[in-house]
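Structure record follows, encoded as structure tokens.
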Amino acid sequence: MKRLIQRGLMFGNLIRVDSPALIERYNRALEGLTGKHTELPDFHIDISGFSPEIGDELGDHLYLNPNGCNRQFIILTTDQRRAPLLNAKFSTSRGILRQFIEDNEAKLFALTAHDAVAGELMNSVYEVSTPAKLFDIRKIVVEADTTQAHVANARLLADKIDAFQAKPDAWFDDVLIAEMIGLAKQTGDVTRTPIDLGRAEYAQGNFWTDHFDGLYVFRDVEHPAVIAMGEKPAERLPVGDVFTRNEPNGIATFLEVNGLVEPVIKARGVNGATILRQKMDFILVDAAASKGEDMGAMSARELRQLAHRMGRDLPEEFQALAALVRWAENNGKWPRITSRHPAYFYTLRARPDHPDRDLINQLLAELAPKDFRQLFICHKQAFYQAYARWPERKKEYVAEFLYRDYMANKAGAREALFGGREMAVQAPLPPPRKPDLVDLVGPWGAIRRR
């Protein structure tokens, strides 16, 4: 993993904490949440305040995420909104935390000037021992306060101010006035600088969870389903279908009937052939590394020569994508790539206007794992797990490619690959779109029956 860390591809954008005052605030919050504290003189934290160094120190990388169910957080600075979320158990957690920080940025800025803010992403369950319990999670409530209860005191002060204004003889109530003055010394002027974070609620519609070897729960679509990356859950779930990654036909039909994906080669505003050529390179490197082929310096020219040398040994995915590129660039024959073909999911991307675009692209990344760039962008946990198993030559190529080609222009690369802009956490679901003729013929070949 050293290659990734040195190139900023792992543990990047974490917030460094090395000030004694900030460490003291962090420890107060940590002890309040978990009863633990750190002795480290410096460490790094993610958007939730989790530190991998403290996780190592405590021997518990879920110290802020008990049972992997209700994520706790510590905010020392609003700059944490730009940091990643490590060890995520739900795909919605980082978006909710970032939205919470952005929605309350001014209040959090004022609060963190003096103290740490600690809180929890609360849902209606406290453990998920069975997949069925995931369906009890419908919304996430964010509750937070400082270690010195500034928010609670601000609410109490606001109530007393309301009582003072409503009471005719309030100026003669020395006790009420003294209480207001005492609270104001702790909170400041809450009428000019509000610090009440309120009770934020966020919907938990479609989501991914790391539990049970990885489950994608799509319940807010016209035809709901669960897609399991591991074994199919034995119990009955309140959805129409349950598929595993070994059932590509079922997954393909689910994506199609719900209008969730589009062919990369026909996507508007992008050069689909260029994207597919890059995917071909990634597939070629994977095949060559697994066979121990000499890849030289892995330049574009050397990769082309490698493809010529491998000839008939080229993977099926490579050859199918090459046929699509020939169709796009040279008016070649339209290739029929069915959902049974190993290249099928490499040809798709989520519809850019869908509110669950990022979740769908994450699913596609797991179904097309040789496209390491999409796996890195959409599902870093799966990327790191896969990276650890790769041959050294592939590790070097992947790390250098991501550093040179992706990190140099991350926003541009995401726009080119996936289209659209980042979706809001609570974006409303659009009405289901009926597939048209182009959707039906797509890269799958002939029109399919419903």
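The values are calculated or read from the model by the stated rules, or taken from the named source; none is laboratory data. These numbers were taken from a predicted model, which means no experiment stands behind them. No Cβ is skipped: glycine too gets one built from the backbone with ideal geometry, and neighbour counts run over all protein chains shown. Ligands, DNA and RNA are stripped out before the accessible areas are found, and what is left, the full protein with its side chains, is counted by its heavy atoms. Shrake-Rupley method; radii C 1.70, N 1.55, O 1.52, S 1.80 Å.
Annotations
- Compactness of segment 8-75, expressed as Rg and Dmax over alpha-carbon positions, Å: 11.4, 33
- Highest-MSF residue in the chain out of Glu329, Glu24, Glu366 [GNM, Cα springs under 10 Å]: Glu329
- Just the protein heavy atoms count here, and of the accessible area of segment 14-63 at 1.4 Å, carbon and sulfur take up 52 percent.
- Over segment 258-403, relative contact order from alpha-carbon pairs under 8 Å, at least 6 apart, %: 26 percent
- Rounded to the nearest 10 Å², the accessible area of Arg138 at probe 1.4 Å: 120 Å²
- Its Cα gyration tensor gives segment 233-319 an equivalent ellipsoid, and the semi-axes of that ellipsoid, as √(5λ) in whole Å with the largest first, are 35, 19, 9.
- Amide H contacts of Ala200 (H built 1.01 Å from N, under 5 Å, at least 5 apart or other chain): Val142
- Multiplying the residue separation of Arg336 and Ser290 by 0.36 nm and subtracting their alpha-carbon distance yields 13.8 nm.
- Accessible-area order (highest first, 1.4 angstrom probe) of the listed residues Tyr387, Tyr403: Tyr403, Tyr387
- Surface accessible to a 1.4 Å probe, per residue, for the residues of segment 345-420, Å²: 37 Å²
- Over all orientations, the chain has a Cα convex hull whose mean projected area works out to 26.0 square nanometres.
- Proximity of backbone amide H atoms, modeled 1.01 Å from N, is registered between Glu120 and Phe73, Glu143 at under 5 Å, excluding neighbours fewer than 5 places apart on the same chain.
- Value at 222 nm in deg cm²/dmol, rounded to 500, when DSSP H runs of n ≥ 4 in the chain each add -39,500 (n - 2.57): -12000 deg cm²/dmol
- Protein-only accessible surface at a 1.4 angstrom probe places the residues Ser93, Ser124, Ser299 in the order Ser124, Ser299, Ser93, largest first.
- Global geometry of segment 213-252, whether rounded, prolate or oblate, following the gyration tensor of its Cα atoms and the 1.5 cut on a/c: oblate
- Shape call, segment 116-275: gyration tensor on alpha carbons, a/c limit 1.5: prolate
- Scalar couplings 3J(HN,Hα) for segment 65-74, obtained by applying the Karplus form with A = 6.51, B = -1.76, C = 1.60 to θ = phi - 60°, are 9, x, 6, x, 10, 10, 5, 8, 8, 10 Hz; x denotes Gly and Pro.
- With DNA, RNA and ligands ignored, accessible area of His223 (1.4 Å probe; Å², nearest 10): 90 Å²
- Test item: Cα-centred dipole of the chain, Lys/Arg +1 and Asp/Glu -1 on Cβ, debye: 2360 debye
- Selection among Ala144, Tyr26, Ala88 by position relative to the dipole of the chain gives Ala88 as farthest towards the positive end (Cβ unit charges, Cα centre).
- Taking amide H atoms as placed 1.01 Å from N in the peptide plane, the amide H of Val242 lies under 5 Å from those of Val226, each 5 or more residues away in sequence or on another chain.
- By DSSP, the beta bridges lying fully in the chain are antiparallel in about 90 percent of cases.
- D (Stokes-Einstein, µm²/s), Kirkwood Cα radius, segment 1-121, 0.890 mPa s at 25 °C: 169 µm²/s
- Placing unit charges on each Cβ (+1 for Lys and Arg, -1 for Asp and Glu) gives the chain a dipole about its Cα centre, and among Ile47, Tyr346, Leu108 the Cα reaching farthest toward its positive end belongs to Tyr346.
- Each residue of segment 4-16 was assigned a 3J(HN,Hα) from its phi angle through the Karplus expression (A = 6.51, B = -1.76, C = 1.60, θ = phi - 60°), giving 5, 5, 5, 9, x, 9, 9, 6, x, 6, 6, 8, 7 Hz with x at Gly and Pro.
- In terms of accessible area, using a 1.4 Å probe and ignoring ligands and nucleic acids, Arg301, Arg94 rank largest first as Arg301, Arg94.
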